[in-house]
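Participant: Dumping the structure here so I can ask a few things about it.
Since every read-out is calculated from the coordinates, none of them should be taken as a lab result. Predicted, not measured: the structure shown is a model, and the values here were computed from it. Here the Cβ positions follow ideal geometry from the backbone for every residue, glycine too, while neighbour counts run over all protein chains shown.
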């Protein structure tokens, strides 16, 4: 199919799905979340990615998996930011890349520090508000690659990072960065961690903690003597991990100080770029009340779309011809097509 035809088709598909209708068998936050987490996706039209490394700090390098059009400078670019303990190869990142590429855009799926098997590349750890890394990546893509138009899309923790970046930019956002989208973002980190600690969410927290501890052991292997793992055996919750590792490593007083200062809720009032926040009322650990904060609803540059169903980063619909059912990914492409101009 010709690229112009594919792009037109994607515009038409976006117009057909502006609002979210959940799959009738997945109307429940846990059911939707677990289904989309575990569902094996086949993306036969997505090309093999090109690995690219970005030096984002003197002691930090991050990896992106890039899907370039034949002439990248003549196309818009979607930058994807994954969630806690995810990677550029997470199903939603690959799904987003697939839809962006089909719509005639470049796709740059970025790993947080140490994610995607990159523990050896950075001396330190990542955290939920570390917007400096995507900012450095965007700077290079604009100055070196001369990409004309960029949309940033983040999921969960990556959504918080993206919103922090939008707020950090404020009025000084590069003209090439034309929109932000955050799916199920952890805007109020303290509130989200409290929700994660509920009895009904034990499975999610156990999985996050297991992966965090594994990553710390890999970090210690590559950076011997830098991290004290004696406290790792006593870590049972994400809060424990942040208290003993994330917060002190990044200079926060404790976990609560980290949650407060790293939350994008602290900078959302400064956003001056078109921004869409997508979340669900039935998200197990991203409470919808955080989006009612006056700092959010008073900012005319920020649009919040809260659906009744969708789970955490799920938003799966009934598939249709040419549409695989992953509505949030399609919604991101719609935002890109609406705002990108170059």
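Participant: Mind checking which of 211, 114, 42 has the largest fluctuation in a GNM of the chain, springs on alpha carbons under 10 Å?
Facilitator: In the Gaussian network model the winner is 42.
Participant: Per residue, what volume in Å³ does the Cα convex hull of the stretch 182-278 take up?
Facilitator: Spelled out: Cα convex hull of the stretch 182-278, divided by residues, is 127 Å³.
Participant: Sticking with this structure for a sec: Mind checking the full-extension length gain between residue 270 and residue 57? Use 0.36 nm per residue of separation minus the Cα-Cα distance, one decimal, nm.
Facilitator: Answer, rounded to one decimal: 74.2 nm.
Participant: For the stretch 49-124, what number results from the quotient of the Cα radius of gyration and 2.2 N^0.38 Å?
Facilitator: 1.10
Participant: Turning to a different aspect of this structure: How big is the antiparallel share of DSSP beta bridges in the chain, given as a percent to the nearest 5?
Facilitator: Details: 13 of 39 bridges.
Of those bridges, close to 35 percent are antiparallel.
Participant: Take every DSSP beta bridge whose two residues both sit in the stretch 224-342, then give the antiparallel share in percent to the nearest 5.
Facilitator: 25
Participant: Also, quick follow-up: Quote the convex hull volume per residue of the stretch 299-341, based on C-alpha atoms, as a whole number of Å³. Working shown, then result.
Facilitator: Numbers: hull volume 4.0 nm³, N = 43.
About 92 Å³ per residue, rounded to a whole number.
Participant: In the Gaussian network model of the chain, springs joining C-alpha atoms below 10 Å, which of 227, 180, 245 carries the largest mean-square fluctuation?
Facilitator: The residue with the greatest mean-square fluctuation here is 227.
Participant: Nearest 10 degrees is fine. How inclined is helix 157-169 to the longest principal axis of the chain, computing both from alpha carbons?
Facilitator: 80
Participant: How high is the FRET efficiency from residue 172 to residue 321, r the C-beta distance, R0 56 Å, rounded to 0.05? Display every interim value, and only then the final one.
Facilitator: Numbers: r = 44 Å, r/R0 = 0.78.
According to the calculation, E is roughly 0.80.
Participant: Just to confirm the number: angle between the C-alpha axis of helix 3-16 and the first principal axis of the chain, 0 to 90 degrees, nearest 10?
Facilitator: It works out to around 70 degrees.
Participant: Any idea what angle helix 327-339 forms with the longest principal axis of the chain, computed on alpha-carbon atoms, 0 to 90 degrees, nearest 10?
Facilitator: 70
Participant: How many nm is it between the label spots at residue 223 and residue 256, if each spot is 7 Å from the Cα in line with the beta carbon?
Facilitator: Rounded to a tenth, the inter-label distance reads 2.8 nm.
Participant: Regarding the stretch 143-198, what's the average projected area of the Cα-atom convex hull, expressed in nm²?
Facilitator: 4.4
Participant: Scale the Cα Rg of the stretch 217-323 by the rule-of-thumb value 2.2 N^0.38 Å and send over the ratio, two decimals.
Facilitator: The value comes to 1.45.
Participant: Same structure again: Return 213, 219, 99 ranked ascending by Cβ neighbour count within 10 Å, so the fewest neighbours appear first.
Facilitator: 213, 219, 99
Participant: Another question about this same structure. Among 288, 58, 47, whose mean-square fluctuation peaks in a Gaussian network model of the chain (Cα, cutoff 10 Å)?
Facilitator: With Cα springs under 10 Å in the chain, the top fluctuation among 288, 58, 47 is at 58.
Participant: Per 0.36 nm of contour for each residue apart, how much would the distance between residue 298 and residue 39 grow if the chain were fully extended, relative to their Cα-Cα spacing?
Facilitator: Full extension from residue 298 to residue 39 adds 89.5 nm.
Participant: Further question on the same structure: Give me the Kirkwood hydrodynamic radius of the stretch 50-189 in Å, from all C-alpha pairs, to one decimal place?
Facilitator: After inverting the pairwise mean of 1/r, the radius is 14.7 Å.
Participant: Right, another one. If one computes P(r) from the Cα atoms of the chain, what percent of pairs lie at distances over 25 Å?
Facilitator: Every Cα pair in the chain considered, those over 25 Å come to 49 percent.
Participant: How far is it, in nm, from the label point at residue 136 to the one at residue 289 when both lie 7 Å from their Cα along the line to the Cβ?
Facilitator: So the two model labels end up 3.8 nm from each other.
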